[in-house]
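Novice: Take this structure first; my questions come after.
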């Protein structure tokens, strides 16, 4: 059964994490064409070392991805995605000390990485492939369901909505119900900043986070270095930490359960101060 936001625990595999604070998911892209990492952690040894740095900086969990999902990115073969992600998960899952998530749209990759020690599936396509439900039935893994229209290759052309907030809510609720029925350990929802959403759409999502925190599921938001920050400020991807932090503070104020970020140390400091102010 999915864990509701009223429960003060988040169950991911054998890990039980608190939900009375905003947790940090550290991003580990094992790809040559990520919009922000630019292949920096493509080698397994570098990826493993970076995973440990993320935890040292304060990450509560680490999300490993072997396929770039930046706007316009082409899909990669199953073999290539496995070759990138699987050795890293095999190496870090037993020793990292925090939950490891696999960021994939591919059921074959998801199944292999969960078997290798990942405890959560982070599916940006929101279980668009029905075979993902079979993965959940067979493994009972936790899952993050994100809202996206189309694919990374086509999503920019699909950023059209009648009622953005209502449509995203309805999609997340429908897909989360499927995951619950499939036996997922915990279901987390993500409104999908930057995925089939333009700058104004992203700002509206951030302004209306209460419409997603009340869905009955833990909420994950991924504002890290997103294009909308660059469009508003002119900053290049690797110079968007201040904009990311502004969005993270908004997430803290709204009661978001998890933020997914590249820059863990800066995010940890910002969350610490934002939460201290809330409690003063």
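Novice: Order these peptides, 230-237, 251-258, 189-196, by their mean beta-carbon neighbour count within 10 angstrom, highest first. Could you put the intermediate results ahead of the total?
Specialist: Values: 230-237: 13.6, 251-258: 20.6, 189-196: 26.5.
For the peptides 230-237, 251-258, 189-196, the packing ranking is 189-196, 251-258, 230-237.
Novice: Just check the chain against the gyration tensor rule for me: Cα atoms, a ≥ b ≥ c as the square roots of the eigenvalues, rounded for a/c under 1.5, and otherwise prolate or oblate depending on whether a/b exceeds b/c. Intermediate results must be reported in sequence, preceding the final value.
Specialist: Values: a/c = 1.14, a/b = 1.11, b/c = 1.03.
Here the chain falls in the rounded category.
Novice: Please tell me the relative contact order of the chain in percent, rounded to the nearest whole number, where contacts are Cα pairs under 8 Å and at least six residues apart.
Specialist: On the way: 581 pairs, mean separation 56.9, N = 280.
Relative CO of the chain lands at 20 percent.
Novice: I would also like to ask the following. Please give the calculated 222 nm ellipticity per residue for the chain, where each DSSP H segment of at least 4 residues contributes -39500 (n - 2.57) and the sum is spread over every residue; nearest 500 deg cm²/dmol? Mind dumping the intermediate values first?
Specialist: Values: 10 runs with 116 residues, N = 280.
Computed mean residue ellipticity for the chain: -12500 deg cm²/dmol.
Novice: Restricting to the range 113-270, compute how many DSSP beta bridges are antiparallel as a %, nearest 5. If you can, show how the numbers build up before the last one.
Specialist: Details: 0 of 11 bridges.
So the antiparallel bridges amount to about 0 percent of the total.
Novice: Another question, then. Given the range 9-279, what percent of its DSSP beta bridges are antiparallel, to the nearest 5?
Specialist: Numbers: 4 of 31 bridges.
Taking every DSSP beta bridge with both residues in the range 9-279, the antiparallel ones total about 15 percent.
Novice: Now, a different point. Which distance in Å, rounded to a whole number, links the C-alpha centroids of the range 98-142 and the range 221-266?
Specialist: Centre-to-centre (Cα) distance: 25 Å.
Novice: Fewest Cβ neighbours within 10 Å first, please rank 25, 148, 120 accordingly.
Specialist: If I rank by nearby Cβ atoms, fewest first, I get 148, 120, 25.
Each reported figure results from applying straightforward, stated rules to the coordinates on display, with no laboratory input. What you see is a predicted model; the values in this text were computed from it and never measured. Please note: Cβ atoms are built from the backbone with ideal geometry, for glycine as well, and neighbour counts cover all protein chains shown.
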